[in-house]
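To keep things clear, I will list the structure first and then write my remarks on it.
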Amino acid sequence: MPWAIFLDLYRVLADPGVMEQNYRRRYAEIFNRDFGIPVAKGKQIHDETYAWYTAEGARLDSLQGDMRDGDEWVRAVQRMEMDHLRMAFEMAGLPLPPNLNTYWMKLEAEIVSGIDALYSDVKPALGELKADGHRIFLSTNATRSNGEFALVGGGIREMFDGLVFLENAKAKKDRPHYWRRAFGITNIKPAEAVVVDDIPAYLAPVSTMGARCFQMIRPEHSNPMKGRWPIINSLAELPAALKNL
């Protein structure tokens, strides 16, 4: 039976360590190219603003109830992105661009589209899944400028039948709101779906809706939290696992 397969981005398709290392470098190189900011200074700016961004993201994740669903969630994340870009321009002594959100989306798309952070098993596995007749969708908490362009950087964008990210899901994957919108966006019924993610909290709501789930635990991940779903250790294991559903 062909399935609609929803694949997480980081730790399923792409290595976050590889992405972060190269992201930092390209961020600094672009600030050097466009504004003459020394690369070392650009890396410092990246590190300090990213530390703030991480802390603010954790604060947003602690919000309760409907504050994490819908347009208000999208606006909260976009405000966070604009504020951390504003910090970067102030640290660099540069005038702010006229539209921080638009500038940030273009900047991040350029950064991420130049990085191939895919695990080595991903492209062959995607080819096998497509050959078996499955449809493939990205399911990520990231914004489009990060999620879609990570696929571009890895050279696999054309293998995806659709994308679910912050701007169209309008929630994170631990929220039923995310998955209701994901199935509406893709015109998929939960019973037709297989979801692969490394975080149990992101599988819990969609499993309850009736989707089949696999938890990805790659060997390099230390002390992962395990859920109640079958575990795969690489995407290469998924095609065979689907035949047993």
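The values are calculated or read from the model by the stated rules, or taken from the named source; none is laboratory data. Source: prediction; values computed, not measured. Note that each Cβ is placed from the backbone with ideal geometry, even for glycine, and that neighbours are counted across all protein chains shown.
Quick notes on this one:
- Residue count for region 117-156 satisfying the condition of being under 27 Å from M80 (Cα atoms), of a type outside the set (S, T, N, Q) and out of contact with any strand residue (DSSP E or B) (no Cβ under 9 Å at 6 or more places or on another chain): 2.
- Given (1) outside any helix (DSSP H, G or I); (2) of a type in the set (D, E, K, R); (3) touching a Pro at 6+ places or on another chain (Cβ under 6 Å), index of the condition D116 fails: (3)
- Pairs where the first residue, in region 70-85, is closer than 17 Å to A58 by Cβ and the second is among the β-branched types (V, I, T), C-beta under 6 Å, 6+ apart: H84/T49
- Taken over region 106-127, the criterion of being more than 24 Å from M216 (Cβ to Cβ) and more than 14 Å from the chain's Cα centre (by Cα) is satisfied by K106, L107, E110, I111, G114.
- Every test in (1) surrounded by 17 or more Cβ atoms within 10 Å (Cβ to Cβ); (2) closer than 20 Å to N99 by Cα; (3) at pLDDT below 95 is passed by R68 save one, and that test is (2).
- If only residues of region 119-139 that are assigned to a loop (DSSP other than H, G, I, E, B) and not aromatic (F, W, Y) are counted, the one that is surrounded by the fewest Cβ atoms within 10 Å (Cβ to Cβ) is G133.
- Enumeration of residues in region 186-227 that are touching a residue at least 24 places away in the same chain (Cβ under 8 Å) and assigned to a strand (DSSP E or B): A193, V194, V195, V196, D197, R212, F214, M216
- Verdict on E56 being in contact (Cβ under 8 Å) with a residue 40 or more places away in the chain, over 27 Å from A4 (Cα atoms), in a helix (DSSP H, G or I) and not assigned by TED's automatic domain parsing to the domain that holds V164: no
- Taking the criterion of being aromatic (F, W, Y) and surrounded by fewer than 23 Cβ atoms within 10 Å (Cβ to Cβ), the residues of region 1-31 that qualify are W3, Y10, Y23.
- Which numbered condition E148 fails, given (1) crowded, with 20+ Cβ neighbours inside 10 Å; (2) of a type outside the set (K, R); (3) part of a loop (DSSP other than H, G, I, E, B): (3)
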